[in-house]
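The structure appears right after this line, and notes come after that.
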Amino acid sequence: MAYDDSNIFAKILRGEIPNDMVMETEHTLAFNDIAPQRPVHVLVIPKGAYVSSDDFSARASDAEIADFFRTVGEVARQRGVAESGYRLISNAGEDGHQEVPHFHMHVIGGAPAGPMLKKQD
Ligand code: 5GP
C-alpha cells in the first residue's frame, strides 16, 4: 500500500493540525489519542512516511526503529504504567481495522485492558 500523505497523522507531523504532545525525539512523535480508550492512551508515530508495522520494519533505518521502540518504552515509564501494565496495539490494513494509514503504536493503560480480542461470531 502506497503512503498517502493526506492522512491525519501526516498533517499533525506537518504542523497543520495541533496535537497534545507527550514527547518528541529525532525520529518519533508521541501524543495523546483524541478519543482515549483508557486513562493513558498515547499514540507513538515515526516521523517518516510509513504505512504500517511491516512497511516500517522493511524500509526504516535501524536508527528510526531503535528510536521508535525506545520512545514507546519511555512513554510507558513516563506515564506511569510500566509497573501497573499496559497494552501495545498496532492495527494494520483492513483486517487490522487501521483507521489512519500512518504507522502508529497505541500505548494503553491506567486501567485493565480486558481480554485481547472478542471471539468471532
Ligand atoms: P487506528 O484505528 O488507525 O489504529 O487508530 C487511529 C487512532 O487515531 C484512533 O484511536 C483515533 O482516536 C486517533 N485519532 C484520529 N484522529 C486523531 C486526531 O486528529 N488527533 C489525535 N490525537 N488522535 C486521532
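The values are calculated or read from the model by the stated rules, or taken from the named source; none is laboratory data. Since the model is a prediction, treat every value here as computed from it, not as a measurement. Here the Cβ positions follow ideal geometry from the backbone for every residue, glycine too, while neighbour counts run over all protein chains shown. When the accessible area is computed, the model is the full protein with side chains, heavy atoms only, and any ligands, DNA or RNA have been set aside. Shrake-Rupley method; radii C 1.70, N 1.55, O 1.52, S 1.80 Å.
Within the stretch 43-72, the only residue that satisfies the criterion of being closer than 25 Å to residue 115 by Cα, open to solvent by less than 20 Å² (accessible area, probe 1.4 Å) and part of a helix (DSSP H, G or I) is 72. When residue 108 is tested against the conditions (1) open to solvent by less than 50 Å² (accessible area, probe 1.4 Å); (2) of a type outside the set (D, E, K, R); (3) away from the ligand (no atom under 15 Å from the Cβ), the lone failure is (3).
Within the stretch 1-42, being more than 20 Å from residue 61 (Cα to Cα), more than 9 Å from the ligand (Cβ to nearest atom), of a type in the set (A, V, I, L, M, F, W, C) and surrounded by 15 or more Cβ atoms within 10 Å (Cβ to Cβ) holds for 22, 23, 40, 42. For residue 102, are the conditions met, namely being at pLDDT 95 or above, open to solvent by less than 60 Å² (accessible area, probe 1.4 Å) and within 15 Å of the ligand (Cβ to nearest atom)? It is true that residue 102 is at pLDDT 95 or above, open to solvent by less than 60 Å² (accessible area, probe 1.4 Å) and within 15 Å of the ligand (Cβ to nearest atom). Considering only the stretch 75-97, I want to know if a residue exists there that is of a type in the set (D, E, K, R), surrounded by 14 or more Cβ atoms within 10 Å (Cβ to Cβ) and either more than 16 Å from the ligand (Cβ to nearest atom) or within 11 Å of the chain's Cα centre (by Cα) (or both). Scanning the stretch 75-97 turns up no residue that is of a type in the set (D, E, K, R), surrounded by 14 or more Cβ atoms within 10 Å (Cβ to Cβ) and either more than 16 Å from the ligand (Cβ to nearest atom) or within 11 Å of the chain's Cα centre (by Cα) (or both). Set side by side, the residues 75, 81, 22 differ, and just one is touching a residue at least 40 places away in the same chain (Cβ under 8 Å) and part of a loop (DSSP other than H, G, I, E, B), which is 81.
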